[in-house]
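Enquirer: Here it is, the structure in full.
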Amino acid sequence: MTVIDFSAFIGRLATASGETILPFFRTSLSIDDKSKTREFDPVTEADRAAEAVMRRLIKANFPQHGIVGEEFGNEREDADYVWVLDPIDGTKSFIGGFPIWGTLIALLHKGVPVYGMMHQPFIGERFSGDNGSAIYKGPSGERRLQVRRCASLSEATTYTTSPLLMNERDRAIFSRIEKGARLSRYGGDCYSYCMLAAGHVDLVVETELKPYDIAALIPIVTGAGGVVTTWEGGPAQGGGRIVAAGDARVHEEALKLLNG
């Protein structure tokens, strides 16, 4: 099987998860805190229900595949094909009623993300990619995603979800990026990477990501012509400290600042 064989099925996963999540959005839903520290880490009924729906579909159609999910753990991680699921990336925005969240669905082949989708069912947008190309489908139609050229950090718009999510040392390092960038903004979660792929953002810098936070976004960004690595310049699918750029020149400049 090739990744092309899976694209229609990934669309089914997105549709099923979206239909499960939307009845919960902007309602008085219950919220649990998964954190064992002082940092608030919310999870909702919508997160759990959407992941359960996707897991059932995967097991029914591809029982030999592995699954890595935020809410219900990992199964068959050593399988050739592994699905990596984040039912609601941006739960804090979700519980606040802001539509800056999405369902992340990634397919890994022998540990490498080969297809990814971000689905925002409230707005009706889907961003998908296979490392070679990336596509947007939404209210304004369908088009190919393409990063924009940006010669230097001094011309760049950069995003991070929040510096408060970084430890003190990483926050101090990130301040070098902020001082050098033309514009620095906060928020976005998965949307920041999709806006980078669409050519509206130049740089995204994050820390302490889990595999399910980033795996689906890598084929989208790279498919649109961008670069996604760790701060050290290594593969990003394992999570950790991540930097994504639309232009390789900005990526190189950011790595120097982050490791200087």
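Enquirer: Segment 194-260: D in µm²/s via Stokes-Einstein (Kirkwood Rh, Cα pairs, 25 °C, 0.890 mPa s)?
Expert: The estimated diffusion coefficient comes to 213 µm²/s.
Enquirer: Which angle from 0 to 90°, rounded to the nearest 10, does the C-alpha axis of helix 168-180 make with the longest principal axis of the chain?
Expert: For 168-180 against the chain, the angle is about 60 degrees.
Enquirer: To continue, here is another question. Roughly to the nearest percent, how much of the accessible area of segment 36-138 is carbon and sulfur, given a 1.4 Å probe?
Expert: 52 percent
Enquirer: Also, I was wondering about something else. By how many degrees, 0 to 90 and rounded to 10, does the Cα axis of helix 7-21 deviate from the longest principal axis of the chain?
Expert: Value to nearest ten degrees: 80.
Enquirer: Quick one: angle between helix 45-61 and the longest Cα principal axis of the chain, in degrees between 0 and 90, rounded to 10, please.
Expert: The helix 45-61 is inclined about 70 degrees to the chain.
Enquirer: Also: So for the pair residue 8, residue 176, with labels modelled 7 Å out along Cα→Cβ, what separation do we get in nm?
Expert: Taking the simple label geometry, residue 8 and residue 176 are separated by 5.0 nm.
Enquirer: Another question, then. Counting other Cβ atoms within 10 Å of each Cβ, which GluC sites (Glu not before Pro) in segment 47-140 have at most 16 and sit in a DSSP loop?
Expert: Passing sites in segment 47-140 are 77.
Enquirer: Can you give the % of DSSP beta bridges in the chain that are antiparallel, to the nearest 5?
Expert: 80 percent
Enquirer: What residue among 135, 180, 158 has its Cα farthest toward the positive end of the dipole of segment 103-201, where the charges are +1 on Lys, Arg and -1 on Asp, Glu, each on the Cβ?
Expert: Towards the positive end, the residue furthest out is 180.
Enquirer: I would also like to ask the following. Restricting everything to alpha-carbon atoms, can you work out Rg to Rh for the chain with a Kirkwood hydrodynamic radius?
Expert: 0.95
Enquirer: OK, next. Per residue of segment 188-202, in order, report the coupling 6.51 cos²θ - 1.76 cosθ + 1.60 (Karplus, θ = phi - 60°) as ³J(HN,Hα) in whole Hz, putting x for Gly and Pro.
Expert: Once rounded to whole Hz, the list reads x, 6, 5, 5, 4, 5, 5, 5, 5, 5, 7, x, 10, 10, 10.
Enquirer: Grab the Cα-Cα distance for residue 56 and residue 210, subtract it from 0.36 nm times how many residues apart they are, and report the gain in nm with one decimal.
Expert: Result for the pair: 53.2 nm of gain on full extension.
Enquirer: About the Cα centre, and with charges only on the beta carbon of Lys, Arg (+1) and Asp, Glu (-1), how big is the dipole of the chain? Nearest 20 debye, please.
Expert: That gives a dipole near 500 debye.
Enquirer: OK, next. Which of the trypsin sites (Lys or Arg not before Pro) found in segment 91-156 are in a DSSP loop and have at most 11 neighbouring Cβ atoms, other than their own, within 10 Å?
Expert: 110
Enquirer: Report the gain in length on full extension from residue 154 to residue 112: 0.36 nm times residue separation, minus Cα-Cα distance, nm rounded to one decimal.
Expert: 11.9 nm
Enquirer: While we're on this one: Please give, to one decimal in nm, the separation of the simple spin-label points placed at residue 143 and residue 79, each 7 Å out from Cα toward the Cβ.
Expert: A separation of 3.7 nm, rounded to one decimal place.
Enquirer: Same structure again: So what's the net charge close to residue 53: Lys and Arg +1, Asp and Glu -1, counting the other residues with Cβ under 13 Å from its Cβ?
Expert: Once all neighbours under 13 Å are counted, the net charge is 0.
The values are calculated or read from the model by the stated rules, or taken from the named source; none is laboratory data. Keep in mind that this is a model prediction, so the values were computed, not measured. Backbone-built Cβ (ideal geometry, glycine too); neighbour counts: all protein chains shown. Just so you know, the surface numbers come from the protein's heavy atoms only, side chains and all, with ligands and any DNA or RNA stripped out. Shrake-Rupley method; radii C 1.70, N 1.55, O 1.52, S 1.80 Å.
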